[in-house]
1. With a 1.4 Å probe and every protein chain kept in, tell me what percent of the accessible surface of the chain is carbon plus sulfur.
2. Restricting to lysines 8 or more places apart or on different chains, can you count the pairs in the chain with Cα atoms under 19 Å from each other?
3. Could you sort HIS94, HIS160, HIS251 by accessible area so the largest value comes first, with the probe set to 1.4 Å?
4. Could you work out the helix-only [θ] at 222 nm for the chain, with each DSSP H run of four or more residues adding -39,500 (n - 2.57) and the total divided by the number of residues, to the nearest 500 deg cm²/dmol?
5. Output ³J(HN,Hα) for region 119-135: one whole-Hz value per residue in order, computed from phi by the Karplus curve 6.51 cos²θ - 1.76 cosθ + 1.60 with θ = phi - 60°, and x for Gly and Pro.
6. Give the peptides 306-318, 207-219, 78-90, 262-274 in descending order of average Cβ contacts within 10 Å, highest first.
7. Compute, for the chain, the length of the dipole vector about the Cα centre, with Cβ point charges of +1 (Lys, Arg) and -1 (Asp, Glu) only. Units Debye, rounded to 20.
8. Net charge near THR85, counting Lys/Arg +1 and Asp/Glu -1 over other residues with Cβ under 13 Å of its Cβ?
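The values are calculated or read from the model by the stated rules, or taken from the named source; none is laboratory data. The shown structure was predicted, so the numbers you read here are calculated from the model rather than taken from an experiment. Positions of Cβ are generated from backbone atoms using ideal geometry, with glycine treated the same way; all protein chains shown enter the neighbour counts. Surface areas here come from the heavy atoms of the whole protein model, side chains and all, with no ligands, DNA or RNA. Shrake-Rupley method; radii C 1.70, N 1.55, O 1.52, S 1.80 Å.
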Amino acid sequence: MPVLSAADASIDQTVESESPKEACGLFGVWAPGEDVARLTFFGLFALQHRGQESAGMALADGHRIVVYRELGLVSQVFNEVTLSTLQGDLCIGHTRYSTTGSSTWDNAQPTFKTNGTRGLALGHNGKLVNTAELARRAGRRSRASSDTDLVATLLAEHLHEGLEEAAMRVFPTLSGAFSFVLCDERTLFAARDPFGIRPLAIGRLPGGGWCVASETCALDVVGAAYVREVQPGELVAIDERGVTSRRFDEHPTPKLCLFEFVYLGRADSRMYGRSLHEARREMGRRLAREAPADADLVIPIPDTGHSAAQGFAEVSGIPYGEGLMKNRYIGRTFIEPTPALRSRGVRLKLNPLPDAVRGKRLVVVDDSIVRGTTTRQIVQVLRDAGAARVHLRIVSPPIRWPCFYGIDMSTRGELVAAQNDVDGIRDLVGADSLAYLSVDSLVASTESPRGSFCRACFDGEYPIPVGAEEPSKFALETL
């Protein structure tokens, strides 16, 4: 008998995506004489998929730091009037999905701290797992409600030495996933944890300035040429001297999150030198070989299923088409649907094309199944629209283990694959058949070695030790 968790039941009346919430989006630019706020706005706009709860910028002009942040989408937080008032030589930006700390204005980023003489601003993508230890070090000096605010507090303690030296002191003490963009009044910095779990890339602007971004698609949008990745365990400084580098960990072990390839990254980004679109097409090709289906039409779950569905259709010979239309403007809305609309669940976000699916045996390609509720709703929507069969094909392995490194999968109880086998999940979601891509085929699609990834959500092998309970939440609740 398939098990439906309490977390699944609580989501039945919502319009949340089946896929995990993204991490966060980071962007930074050092370009004196250019409109750095506008560049950052467009960079964050390209990274909106990584977080929709809040957005913010910190600008520095050599003398002071100004921070502007608010709850909402990038386009809701910033407008022409706001951007025209934000002037500086450098800027860091952040778009947030909360994994530690609630979704409140206080937790919007960048975070700002000062020692009374100097200031710093910090944006974080990822999640720390040793916040209890860090909170003890900060003691009563910290009233942090997020791991990011805690790191900023520790950096501020050493700010009299300069932010670069402060970072070299503090970053080696951090455990967990972190990609940072940070700045003082004169210099832009970027850093990644020794495992490089979350991505961060460096780009060069045509006028000679520099950018850093969570994904290369943001570099493309502002016209920056990709230069390289910030390396695991590396601190990069960018100012009038150009780009300089120091290592706060001499023995890095690259373990990029494999789920970045499956879902988190935008299809037009590149990671480990590989186009995510091409990687996902290859996932679909391999899935068609591993789990063929007798069907009339291959359709994707928008948007991340498109590339993989194309690959599945290519190998299977089954025509590719659209069966579901996505409302791309639903985002993070501040207008609550009525109970009657909530009861329609997934239709607020995805609506079927009855003429396309009626009477058809469908292969429905999606990136993942986490809780199962939305998948069940989608299957039912397609059946109601007249689909004769619904064969689900998932281009990731079953997600059986929680993520402690910046994705909202914090307990096994909310993961349907932790409690059910594939047949049980198939029965739960109401599909005619269900198959997942194997870990080996998923890794092979990236064209990178298996050992260069964190695969913990699939195989339970955590590169950074974590406790049995969700550590960051505990630590911050005890501050």
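1. It is 51 percent, rounded to a whole number.
2. Lysine pairs satisfying the spacing and distance rule in the chain number 7.
3. Result, largest first: HIS251, HIS160, HIS94.
4. Mean residue ellipticity at 222 nm (helix-derived): -7500 deg cm²/dmol.
5. Residue by residue, region 119-135 yields x, 8, 10, 9, x, 9, 10, x, 7, 8, 10, 10, 5, 4, 5, 5, 5 Hz.
6. In decreasing order of mean packing, 306-318, 207-219, 78-90, 262-274 become 207-219, 306-318, 262-274, 78-90.
7. Roughly 340 debye, rounded to the nearest 20.
8. Net of charged neighbours comes to -2.
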